[in-house]
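A short write-up of the structure that comes next.
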Amino acid sequence: KMPTLIKDITAQLEQGHAAVVQLVSTSEALMDRRLSELPQSEWGDLNFDITPREYVLSYLQHSFPVQLYEVYTNDDGREESRPVFDAQGNPVMSREAMERRDDVMQHLSALPPVQSALDQILQHFGTDIVAEVTGRWRTSTIAEFYRPSAAVTQEAAKELRLEPRSVRRLVAQFRDGNEDSLALVPKTAGRRPGRRLLSPVVEKLIHDVLTRSYVTKQRPSFAYVYRQLKFICHERNISAPSEKAVKARLLDFDPVRLARRRHGPKEAQKLKPVFGEGPRAEYPLNIIQIDHTPFDSIPVDERHRKDVRRPYVTFAIDLYSRCIVGFHVDYEAPSATTVALCLLNVVEDKDVFLQRNGIEGTWPICGIPEVVHVDNGKEFHSLALTQGAVIHGIELRYRPPAKPWYGGTIESRIKRFMQLAHDEIPGTTRSNVQDRGEYQSEKAAALTLNEIRKWLTLAVLEYHEEVQAGIGEPPIERLKFGLEQLRKPRQITGAAKDFAIAFLPMTRRKLRRDGFQVDHFHYYSHELDYYIARRDRFPDGFEIRQDPRNMAYVWAKRPDEEGYMELASRNVAEGNIMKWEHKAALKEMKEKNIKRRNQDLIVRTANARREVIRKASLTSKRARSNEERIRSRSAPLSFPSHPKPPSLQENIESEEIKPFDNLEVGF
C-alpha cells in the first residue's frame with residue numbers, strides 16, 4: 001500500500017494541501033519488544049529487523065501443510081482425499097510439500113528487512129516536512145548515528161578507490177563481524193568450496209546412472225557404476241566427469257533412502273532417529289524379556305565326540321536387575337515348547353538347578369514373571385504359549401513392529417554371551433565366513449551339549465558379578481536390593497511339571513472306552529475310569545496336552561477340577577519317540593504305500609530309522625545330529641517309572657457286544 005500512499009501524498013502537497021495520515025500501527029510497540037531482546041550495543045544494526053519475520057517462519061515451520069494425502073472412493077462412489085498414516089499410526093509426510101515449505105522459508109529468510117510505513121514516509125519526504133506525533137525519535141537517532149551520509153560514503157570511496165556501493169558493503173561487513181578488523185581482510189582467491197561447474201546435461205546423466213544402476217538391491221560396486229557412466233559418456237561424445245565428482249554427487253542422495261534401496265528397510269532403520277524407549281521394570285520379575293539365538297559354536301555328540309548341528313539358546317532376562325533369570329539349550333528350533341522350558345527354568349529353584357549340574361554358586365531368583373516381553377516371532381504367537389500365559393496370569397507383551405530397540409536389553413546380552421563363546425569355546429562359527437577365515441569350526445569342536453549348558457551357566461554367574469552400565473552396579477546386587485526392599489516375585493504353588501504342562505501344544509479329543517487316541521497312539525490311565533462311565537456328559541471332549549519331545553505320555557485336563565491326568569501310551573518303552581520321528585515314520589509309510597496306520601507299526605518304523613541313524617552316525621553329520629536330538633532331550637515332564645497300563649480286555653465290560661454296537665470313532 002505504501003507506494004500508492006506516497007504517490008497520493010505527493011499529489012496533495014503539489015496542490016498546496018497538508019496530508020494527514022492515520023497509521024493503524026507504527027510498529028513502535030513491536031520495536032520496543034525487539035529492542036528489549038537485544039543488547040544496547042546492537043541497536044545500531046542497519047539490518048535490525050522489527051518485522052514479525054521470525055514469527056512467520058515459526059508459523060511456516062509448524063503449520064505449513066506437509067502431510068501426505070491419498071485419493072479414495074467413498075461409499076457413494078465419489079473420489080475424496082484423506083491423510084495417510086503408516087502402520088504405527090504416524091502421519092506420512094509429503095517430500096514435495098516439505099521441499100516447498102523449506103523453499104518458502106529460505107526465500108523469506110533472505111529478504112532484506114522491510115521498513116515500517118512511518119519509516120518509508122520519513123525516508124521519502126524527510127523529517128523537515130513531516131510532523132511526527134508518535135515519538136519515533138529513537139529510530140531516527142539510530143539511523144543518523146549508524147548510516148553514513150552520501151558525502152561520507154563518497155569520501156571513503158575516493159580514499160579506498162572503490163565504488164560507493166562497495167563502501168556500503170564493507171560497512172555492513174565490518175558491522176556483521178562485530179567491528180573486528182579481520183572482517184575486512186579480503187577472502188582467499190579461487191573457487192568457493194562446493195561450487196559445481198559440470199553442465200546440466202552431465203549432472204542429469206550422473207543422477208540417472210546412479211539412480212538406475214547404483215541404488216538397487218543388486219548393490220553393484222561404485223567402480224562398476226562409474227565404468228558404466230564413462231561408457232555412456234563415450235557413446236554420447238561427452239567428456240566423462242572425474243570419479244571424485246561422481247562420488248560427490250552420490251552424497252546428495254538421502255542416506256536413509258539409499259540404505260533402503262540397497263540393503264533393505266532393516267539397514268535403513270539404523271539411520272533413523274530412535275523415538276521412545278523400551279519397557280521399564282519397577283521390581284524383580286516385573287518384566288522379563290525372552291529371545292532366541294543359534295549358539296555360535298559347534299558341539300560334538302556324546303558317543304563319537306564328532307561335530308553335530310548347532311543348538312539354539314533361549315534366554316530370559318529380568319529388566320529390573322539385568323539378571324539372567326533362565327535359559328534353555330536345545331537342538332530343537334524355537335517353538336512354544338522351548339519357550340515353556342525356558343520359563344520352567346525361570347520359575348524353578350536355581351539351587352536345585354545348580355546342584356543338578358554340579359555347579360557351586362549363587363543364583364537367587366525364581367518365580368512367575370508378571371510380564372513377558374517378546375518379539376513378533378511365530379513361536380510367541382502360538383496358541384499353546386498364549387493359553388499357558390493366561391492360565392498362569394502372565395501378560396504377553398509384544399515388541400512394536402519395526403522397533404528393534406525395544407528389545408535392546410536382551411539382544412545386547414545375547415550378543416555378549418555369543419562373543420564370549422567366540423573367545424572361549426573351540427569350534428566357534430564366528431560372525432560370518434569372512435570373519436572365520438581358514439578356521440575349521442567342525443574339526444575344532446570339542447564340547448557336548450551338556451558341557452555347553454554347564455559352560456553357559458558358569459558364564460551367567462560370572463556376568464551377574466560384573467557392573468552393568470545401564471544400572472551402574474552388578475545385577476546380583478540390584479537383584480538382592482529389589483528382593484529385600486521392593487517386592488518378592490510370585491512362586492508356583494504346585495509341581496514345576498504342572499506349570500510347564502500349560503504351555504504344551506493342545507488338542508481336543510473325545511473319550512472312548514479304551515481312553516484317548518492321539519496321532520494314532522492310544523493313551524489310558526485308571527483315572528479315566530470315572531469319566532469313561534460318564535463320558536456322555538462331555539460331548540465337547542477333553543483338553544489334551546502333548547510333549548513333542550516324548551510321545552509316551554499325554555496330559556488330559558480334568559473337566560471338573562484343577563490339574564491334569566497323566567496318561568501313558570500302551571507301550572511306554574516303545575512309544576518314547578519324538579514328534580518329528582513320528583512325522584518321519586508316517587512319511588516313510590506313505591512312500592511305501594502302507595495304508596494301515598497304528599501305534600505298533602509307527603513305533604517299529606521310527607525305531608528302524610533310529611537304528612539306521614545309529615549306524616550312519618559315524619560318518620554322517622546329519623545322522624549324528626538326529627541321534628543327539630533323541631539322546632540329549634531333557635524330559636522334565638515325562639517319568640518312565642509309571643506302571644504299565646492294564647490291557648484293553650481288563651477294562652471292557654463282560655456283556656457281549658453285538659456287531660457295530662457302540663462303535664466309536666476318535667477325531
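The values are calculated or read from the model by the stated rules, or taken from the named source; none is laboratory data. Computed from a prediction, not measured in an experiment: that's the story for all the values here. We place every Cβ from the backbone using ideal geometry, glycine too, and count neighbours over all the protein chains shown.
Before moving on, here are some points about what is shown:
- Where A151 falls short, out of the listed (1) at pLDDT below 55; (2) assigned to a helix (DSSP H, G or I); (3) exposed (fewer than 12 other Cβ atoms within 10 Å of the Cβ); (4) of a type in the set (G, A, S): (1)
- Against the criterion of being surrounded by fewer than 14 Cβ atoms within 10 Å (Cβ to Cβ) and either closer than 27 Å to R549 by Cβ or modelled with pLDDT under 85 (or both), P369 does not qualify.
- Of all residues in region 392-411, those that are assigned by TED's automatic domain parsing to the domain that holds F380 and under 17 Å from E267 (Cα atoms) have Cβ atoms under 8 Å from Cβ atoms of residues that are among the hydrophobic types (A, V, I, L, M, F, W, C) and modelled with pLDDT under 85, 6 or more apart or on another chain, in P401/A87; A402/A87; W405/V274.
Residues are listed down the side, and each one gets a yes or a no for (1) surrounded by fewer than 17 Cβ atoms within 10 Å (Cβ to Cβ); (2) modelled with pLDDT under 90; (3) of a type outside the set (G, A, S):
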| residue | (1), (2), (3) |
| --- | --- |
| V518 | no, yes, yes |
| H522 | no, yes, yes |
| R534 | yes, yes, yes |
| P539 | yes, yes, yes |
| F542 | no, no, yes |
| M551 | no, yes, yes |
| V554 | no, yes, yes |
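- Residue selected from region 268-306 under the condition under 30 Å from R453 (Cβ atoms), assigned to a loop (DSSP other than H, G, I, E, B) and of a type in the set (D, E, K, R), by the criterion modelled with the highest pLDDT: D296
- Scanning region 80-129 for residues that are outside any helix (DSSP H, G or I) and closer than 30 Å to I9 by Cβ yields a count of 10.
- Filtering region 459-493 to residues that are of a type in the set (A, V, I, L, M, F, W, C) and within 30 Å of the chain's Cα centre (by Cα) leaves A459, V460, L461, V467, A469, I471, I476, L479.
- Residue list for region 372-396, filter: out of contact with any Pro (no Cβ under 6 Å at 6 or more places or on another chain), in a helix (DSSP H, G or I) and under 10 Å from A502 (Cα atoms): L385, T386, Q387, G388, A389, V390, I391
- Total residues in region 249-267, condition free of Cβ contacts under 8 Å to residues at least 40 places away in the same chain, more than 16 Å from V225 (Cβ to Cβ) and assigned to a loop (DSSP other than H, G, I, E, B): 1
- Filtering region 319-367 to residues that are closer than 22 Å to H392 by Cβ, over 25 Å from the mean Cα position of the chain (by Cα) and of a type in the set (G, A, S) leaves only G367.
- Meets criteria (over 30 Å from H422 (Cβ atoms) and in contact with a His (Cβ under 8 Å, 6 or more places away or on another chain)) for A495: no
- Annotation note: Cβ proximity below 8 Å between a residue of region 572-593 that is outside any helix (DSSP H, G or I) and modelled with pLDDT of 75 or more and a residue that is surrounded by 15 or more Cβ atoms within 10 Å (Cβ to Cβ) and among the polar types (S, T, N, Q) (sequence gap 6+ or interchain) occurs for no pair.
- One residue from V374, V347, V352, V390 being at pLDDT 85 or above, within 28 Å of G494 (Cβ to Cβ) and in contact with an Asp or Glu (Cβ under 9 Å, 6 or more places away or on another chain): V374
- Residue in region 463-475 that is surrounded by fewer than 16 Cβ atoms within 10 Å (Cβ to Cβ), out of contact with any Pro (no Cβ under 8 Å at 6 or more places or on another chain) and in a helix (DSSP H, G or I) present: no
- Members of region 332-355 that are surrounded by fewer than 20 Cβ atoms within 10 Å (Cβ to Cβ) and over 26 Å from R478 (Cα atoms): E332, A333
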